[in-house]
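Down below is the structure, laid out as structure tokens.
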Amino acid sequence: MSILVVGGAGYIGSHTVDRLIEKGYSVVVIDNLSTGHRAAVHDQAAFYEGDIRDQEFLNTVFKKEQIDSVIHFAANSLVGESMEKPLKYFDNNIGGMISLLKTMHDFHVGRIVFSSTAATYGEPERIPIHETDAQVPTNPYGESKLAMEKMIRWADQAHGIHFVALRYFNVAGAKPDGSIGEDHKPETHLIPVVLQVALGQRPQLKIFGDDYDTPDGTNVRDYVHVVDLADAHILAVEYLKNGGKSSAFNLGSATGFSVKQILEAARQTTGEKIPAQVAPRRAGDPTTLIAASDRAREILHWQPKYDDIHDIIQTAWNWHVKHPQGYQDRES
Ligand code: UDP
């Protein structure tokens, strides 16, 4: 029996596949390679290139492979882009979830671990944010993920598809040996953008707003290491296999860093100057997002290993220095 990782060629997906294989699981990967990279997928995983909105394609994979549980990463995930192209987000994210759940039901696969997000909370009612707090997204990306959470809940009730929704806060870092890492084109996330400036690939960091209601005026986020996040998915699969109840868990570090603090930490870690300039706010950005993730620690027994932001940035830096053009060197 295998774990199916949908979106296993993406940033978080590829790190999860890597950890699953390290722990001895049999892994099947589906990815349409729209944003993922074939070279990011561990060579011991069975790989199928295709789109999960294509029911025929999904049927072929589910017929051929013995799927025990699904981990679902495949989705568009950029807040800024979603504000400009909301329908792309609803089509791909919600459409993909519908056909995946239908296929799981048809093939009697009853467990799914799903990438949800802090963006489902919108502008939070309190900090830190708890899983039971109101979910009122401020952008179409968060809206699509909230709809996906709700769809799984109903599919669970009607068809017994048990789920864990993992609400990620800000994911960063890379496998410490620098062999896999974050490679988005275009890159919009803070830490890789800062490191691209450090490498001289961009002239400067644009700080999106310094007039927020935070200590230094810049947005505050809760950063979690991608390998810790990958391990949480494996714990969630095991939790469901052991009869755990369907549930949602925040995954964060419970510590907030402002954009300026991240910039400063990156200057220390890389030893580079990293020029920066304040720019207008980016639409759709909440002021502060910090997770209460005690539930994941208590119930899933999740124990993140990277609790120092410098270590998180250092592993990302290892990847960027080794692969300044991302996966391009292994793709051409
Ligand atoms: N940010 C920034 N400049 C950049 C990229 C991001 O100031 O070039 C800020 C952004 O406004 C947000 C924080 O960094 O407050 C984290 O943004 P990111 O896109 O990494 O993640 P998000 O919180 O949107 O998921």
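The values are calculated or read from the model by the stated rules, or taken from the named source; none is laboratory data. Note that this is a predicted model, so its numbers are computed, not measured. Methodologically, a virtual Cβ is constructed for each residue, glycine included, from the backbone with ideal geometry; neighbour enumeration extends over all protein chains shown. All accessible areas refer to the heavy atoms of the entire protein, side chains included, with ligands and DNA or RNA removed. Shrake-Rupley method; radii C 1.70, N 1.55, O 1.52, S 1.80 Å.
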Picking from ALA118, ALA75, the residue that is within 15 Å of the ligand (Cβ to nearest atom) and closer than 18 Å to LEU33 by Cα would be ALA75
Can you pull out the residues in segment 267-286 that are within 12 Å of the ligand (Cβ to nearest atom), of a type outside the set (A, V, I, L, M) and in a loop (DSSP other than H, G, I, E, B)?
PRO280, ARG281, ARG282, GLY284, ASP285, PRO286
Is one or more of the residues making up segment 106-113 more than 14 Å from the ligand (Cβ to nearest atom), free of Cβ contacts under 8 Å to residues at least 40 places away in the same chain and open to solvent by 10 Å² or more (accessible area, probe 1.4 Å)?
yes
Residue set TRP317, TRP302; condition in a loop (DSSP other than H, G, I, E, B), open to solvent by less than 60 Å² (accessible area, probe 1.4 Å) and either within 16 Å of the ligand (Cβ to nearest atom) or touching a residue at least 12 places away in the same chain (Cβ under 8 Å) (or both); output residue TRP302
Quick test of your reading of the structure: SER69 fulfils all but one of (1) within 16 Å of the ligand (Cβ to nearest atom); (2) of a type in the set (S, T, N, Q); (3) crowded, with 20+ Cβ neighbours inside 10 Å. Name the failing condition by number.
(1)
Please go through segment 125-144 and pick out each residue that is farther than 30 Å from ASN318 by Cβ and crowded, with 18+ Cβ neighbours inside 10 Å.
ILE129, GLU131, GLN135, PRO137, ASN139, PRO140, GLY142, GLU143, SER144
Across (1) in contact (Cβ under 8 Å) with a residue 40 or more places away in the chain; (2) surrounded by fewer than 19 Cβ atoms within 10 Å (Cβ to Cβ); (3) part of a loop (DSSP other than H, G, I, E, B); (4) of a type outside the set (Phe, Trp, Tyr), GLY95 clears everything bar (3)
The number of residues in segment 181-196 that are open to solvent by 10 Å² or more (accessible area, probe 1.4 Å), more than 9 Å from the ligand (Cβ to nearest atom) and either closer than 25 Å to ALA291 by Cα or not polar (S, T, N, Q) (or both) is 5
Regarding segment 154-161, can at least one residue be identified that is out of contact with any strand residue (DSSP E or B) (no Cβ under 6 Å at 6 or more places or on another chain), among the aromatic types (Phe, Trp, Tyr), part of a helix (DSSP H, G or I) and surrounded by fewer than 24 Cβ atoms within 10 Å (Cβ to Cβ)?
yes
Test for ASP211: is it within 13 Å of the ligand (Cβ to nearest atom), open to solvent by 40 Å² or more (accessible area, probe 1.4 Å) and in contact with a strand residue (DSSP E or B) (Cβ under 7 Å, 6 or more places away or on another chain):
no
